[in-house]
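J.: If you scroll down you'll find the structure; I have some questions about it.
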Amino acid sequence: MSASRLKYYKTLFLISAIYDSVLGILFTFFYRPVFGMLGIADKLPAFGGYISLIGAFLFVIGIGYFLIYAGDLYKNRDLVIVGALYKLAYCAITFFYYMTGDFPHVIFVALFGVADLIFFVLMLECLLFLSKGKQSPVTP
């Protein structure tokens, strides 16, 4: 893999790390104001722990993306796969509920669903390039 391609993919994972970590912090600790700004505060569950837990998961996957960024892409290929699947899961669920008409606000689709679809495609591209590139030596 060329140095410029490596830098491109590392930047992708750094951006994803920042994106998911910030969203994770917002939805863990400040979900009420966020839902209020989106005009969907009435859609909050009675127990806010559900939203906080999802926010915590977002933060953790953000840390995972940072580990990919900071490490060796070849050695972290398994984390890249998990990260790509996470993005696929989020955008698939977002688009499913949007298509069924059971979605609280189009902003979730327009921002988060589309953003995660783009991240998924770029991470899939990274995996394809990793599979074509030079393999890291296997250590016992």
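Just so you know, all these numbers are worked out from the coordinates, no wet-lab data involved. Here the structure is a predicted model, which means the values were calculated and not measured. With ideal geometry, Cβ positions are generated from the backbone for all residues, glycine too; neighbour counts draw on all protein chains shown.
J.: Within the stretch 28-49, can one find any residue that is aliphatic (A, V, I, L, M) and within 15 Å of the chain's Cα centre (by Cα)?
T.: Within the stretch 28-49 (the criterion being aliphatic (A, V, I, L, M) and within 15 Å of the chain's Cα centre (by Cα)), the answer is no, since none of the residues qualifies.
J.: Continuing with the same structure: Can you list residue pairs whose Cβ atoms sit under 6 Å apart, with the first residue in the stretch 6-24 being closer than 17 Å to N76 by Cα and touching a residue at least 60 places away in the same chain (Cβ under 8 Å) and the second being of a type outside the set (V, I, T) and in a helix (DSSP H, G or I)? Count only pairs 6 or more apart in sequence or on different chains.
T.: Close Cβ pairs satisfying both conditions: Y9/C126; K10/Y69; L12/L122; F13/Y65; F13/Y69; S16/Y65; S16/F119.
J.: Turning to a different aspect of this structure: Kindly provide the set of residues from the stretch 54-89 that are over 19 Å from L117 (Cα atoms) and without any contact (Cβ under 8 Å) to a residue 24 or more places away in the chain, ordered by number.
T.: L67, A70, G71, N76, D78
J.: Ok, one more. Taking the conditions exactly as written (touching a helix residue (DSSP H, G or I) at 6+ places or on another chain (Cβ under 7 Å) and closer than 15 Å to F112 by Cα), does L12 satisfy them or not?
T.: The answer is no for L12.
J.: Between G71, G48, which is of a type in the set (G, A, S), in contact with a Phe, Trp or Tyr (Cβ under 8 Å, 6 or more places away or on another chain) and at negative phi?
T.: G48
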